[in-house]
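Undergrad: After the structure tokens below, expect a handful of questions from me.
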Amino acid sequence: MTEEKGILLQSGTNELEIVTFTVGENLFCINVLKVKEIIHPLEVTPVPDSNAAIEGVSQVRGEIMPVVNLARVMKLPEIEPENTKFIITELNQMKIVFRVDEVHRIQRISWEQIEEPEKLSIGLEELAVGIVKLEGNLVLLLDYEKIIYEISGNADFAVTGEDRITRKVNREEKTIFIAEDSQMLRQLLEDTLHEAGYTNLQFFANGKEAQEHIFKLLKEQKQQTFDNVNLLITDIEMPQMDGHHLTKVIKEDEIGRDLPVVIFSSLITEDLEHKGAGVGADAQVSKPNIHQLINILDELVL
């Protein structure tokens with residue numbers, strides 16, 4: 001995987017590389033940037049009282065990691081464990097193992113090729129954030145953050161009393177645009193930012209929608225645009241246009257460059273943070289650290 005990651009293009013090109021794999025008879029994919037390693041399965045030690053989709057934990061090169069069985073997550077038939085593969089991932093500042101049936105190959109695609117999974121007929125709509133056609137096949141991009149959130153729960157999105165009280169009145173005066181494709185995360189952001197006092201929010205399902213709306217404002221209102229929007233929060237992985245490309249086109253605009261942009265993504269790691277910096281992001285926060293996100297919003301708009 002290290003060699004493959006070396007061929008990734010520079011930030012902001014709106015391209016990504018995916019690893020395709022199968023579970024049951026269905027094809028899925030995951031962003032290469034989330035993948036640390038692909039290995040043969042190791043021994044798994046069960047964890048009492050855990051979600052049925054969590055097989056337990058496994059020791060990978062000295063690190064203990066939870067093992068998530070994607071067949072169980074999606075209620076698909078399981079095959080013999082010895083015939084499966086482990087995909088070692090890093091997301092949301094965690095290392096997680098996903099057990100899959102078979103891993104195929106790496107392919108480079110554009111986010112423009114990924115469509116929102118509006119009407120799938122295989123019963124996996126709620127777990128997918130995108131669908132792409134490759135060589136005549138439909139490949140689903142899963143919402144891995146949602147999967148982890150739902151099977152393990154996550155208190156990191158809770159808002160503390162201090163968050164709610166600090167400069168709450170001023171927060172209500174600011175307008176925040178948010179580009180996020182995951183419906184679950186849109187709802188969590190809405191709930192938690194409202195709790196913190198940021199109540200004037202406008203959501204976009206992907207980077208393209210956000211870009212079109214922002215540039216319409218810039219064309220019509222010039223500098224007065226900032227009377228209607230004070231800051232943009234964007235995910236990285238989104239159908240049609242990713243957050244890096246969205247940030248890049250905004251920061252290249254003579255007026256748009258003054259709009260603060262915060263990237264809020266599970267892909268913010270020490271190894272990948274340079275990508276956001278390279279396109280001009282004002283700040284980057286790793287999901288699900290919403291406490292840090294709120295503090296950064298305060299620094300940039302209050």
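Undergrad: Would you check which residues across region 247-264 are in contact with a helix residue (DSSP H, G or I) (Cβ under 6 Å, 6 or more places away or on another chain), of a type outside the set (Val, Ile, Thr) and assigned to a helix (DSSP H, G or I) and list them?
TA: LYS251, GLY256, ARG257
Undergrad: Please specify each residue of region 250-264 satisfying the condition of being open to solvent by 10 Å² or more (accessible area, probe 1.4 Å) and in contact (Cβ under 8 Å) with a residue 40 or more places away in the chain. Please lay out each step first, then the result.
TA: Initially, region 250-264 is screened for residues open to solvent by 10 Å² or more (accessible area, probe 1.4 Å), giving 251-255, 257-258, 260.
Across region 250-264, the qualifying residue is only PRO260.
Undergrad: I'd like the full set of residues that are without any contact (Cβ under 8 Å) to a residue 12 or more places away in the chain and closer than 15 Å to VAL60 by Cβ, limited to region 74-99.
TA: Selection gives nothing.
Undergrad: Hey, another quick one. Quick one: which of ARG72, ARG99 is assigned to a strand (DSSP E or B) and over 23 Å from GLN113 (Cβ atoms)? So that I can check it myself, show each step before the final result.
TA: Details: ARG72 fails: assigned to a strand (DSSP E or B).
None of the other options fit; the residue is ARG99.
Undergrad: Right, another one. When you check GLU82 against the structure, is it over 23 Å from PRO288 (Cα atoms) and part of a helix (DSSP H, G or I), yes or no? Walk me through how you get there before you give the answer.
TA: Values: over 23 Å from PRO288 (Cα atoms): yes; part of a helix (DSSP H, G or I): yes.
Yes; evaluated as a whole, the condition is true for this residue.
Undergrad: Has region 268-278 got any residue that is under 27 Å from ILE96 (Cβ atoms) and basic (Lys, Arg)?
TA: Yes - at least one qualifying residue is present in region 268-278.
Undergrad: Using beta carbons and a limit of 7 Å, which pairs, at least six apart or on different chains, have the first residue in region 11-29 and over 17 Å from ARG99 (Cα atoms) and the second one of a type in the set (Lys, Arg)?
TA: SER11/LYS275; GLY12/LYS248; GLU15/ARG108; GLU17/ARG108
Undergrad: Those residues that are hydrophobic (A, V, I, L, M, F, W, C) and either buried (at least 21 other Cβ atoms within 10 Å of the Cβ) or part of a strand (DSSP E or B) (or both), I need them from region 276-292; list them, please.
TA: Just the residues of region 276-292 that are hydrophobic (A, V, I, L, M, F, W, C), to begin with: 277, 279, 281, 283, 285, 290.
Matches in region 276-292: VAL279, ALA281, ALA283, VAL285, ILE290.
Undergrad: Return the total of residues in region 1-26 being in contact with a His (Cβ under 9 Å, 6 or more places away or on another chain) and either in a loop (DSSP other than H, G, I, E, B) or modelled with pLDDT of 95 or more (or both).
TA: Count: 8.
Undergrad: Now for a different question. Since ASP298 meets every condition but one in (1) in a helix (DSSP H, G or I); (2) farther than 23 Å from VAL132 by Cβ; (3) charged (D, E, K, R); (4) open to solvent by 40 Å² or more (accessible area, probe 1.4 Å), which condition does it not meet?
TA: (4)
Undergrad: So which of LEU232, LEU267 ends up being modelled with pLDDT under 95, crowded, with 22+ Cβ neighbours inside 10 Å and not in a helix (DSSP H, G or I)? Break it down stepwise before answering.
TA: Numbers: LEU232 fails: modelled with pLDDT under 95.
On inspection, the qualifying residue turns out to be LEU267.
Undergrad: From the list PRO48, PRO77, PRO41, which one is over 21 Å from the mean Cα position of the chain (by Cα), part of a loop (DSSP other than H, G, I, E, B) and modelled with pLDDT of 95 or more?
TA: Numbers: PRO48 fails: modelled with pLDDT of 95 or more; PRO77 fails: modelled with pLDDT of 95 or more.
Just a single option satisfies the conditions, and that option is PRO41.
Undergrad: Further question on the same structure: Criterion first (among the acidic types (Asp, Glu) and modelled with pLDDT of 95 or more) does GLU209 satisfy it?
TA: Working: among the acidic types (Asp, Glu): yes; modelled with pLDDT of 95 or more: yes.
Yes; evaluated as a whole, the condition is true for this residue.
Undergrad: Any residue in region 88-96 that is over 21 Å from LEU185 (Cα atoms) and part of a strand (DSSP E or B)? Spell out how you get there, then give the answer.
TA: Here is the first cut: in region 88-96, the ones over 21 Å from LEU185 (Cα atoms) are 88.
If we keep only those that are part of a strand (DSSP E or B) too, we end up with 88.
Yes, some residue in region 88-96 is over 21 Å from LEU185 (Cα atoms) and part of a strand (DSSP E or B).
Undergrad: With the condition kept exactly as written, say whether any residue in region 152-160 is at pLDDT 85 or above, of a type in the set (Phe, Trp, Tyr) and either under 18 Å from the mean Cα position of the chain (by Cα) or open to solvent by 60 Å² or more (accessible area, probe 1.4 Å) (or both).
TA: No, region 152-160 has no match at all.
The values are calculated or read from the model by the stated rules, or taken from the named source; none is laboratory data. Keep in mind that this is a model prediction, so the values were computed, not measured. Cβ: placed from backbone, ideal geometry, glycine included. Neighbour counts: every protein chain shown. Accessible surface is based on the protein model in full, side chains and every heavy atom, while ligands, DNA and RNA are left aside. Shrake-Rupley method; radii C 1.70, N 1.55, O 1.52, S 1.80 Å.
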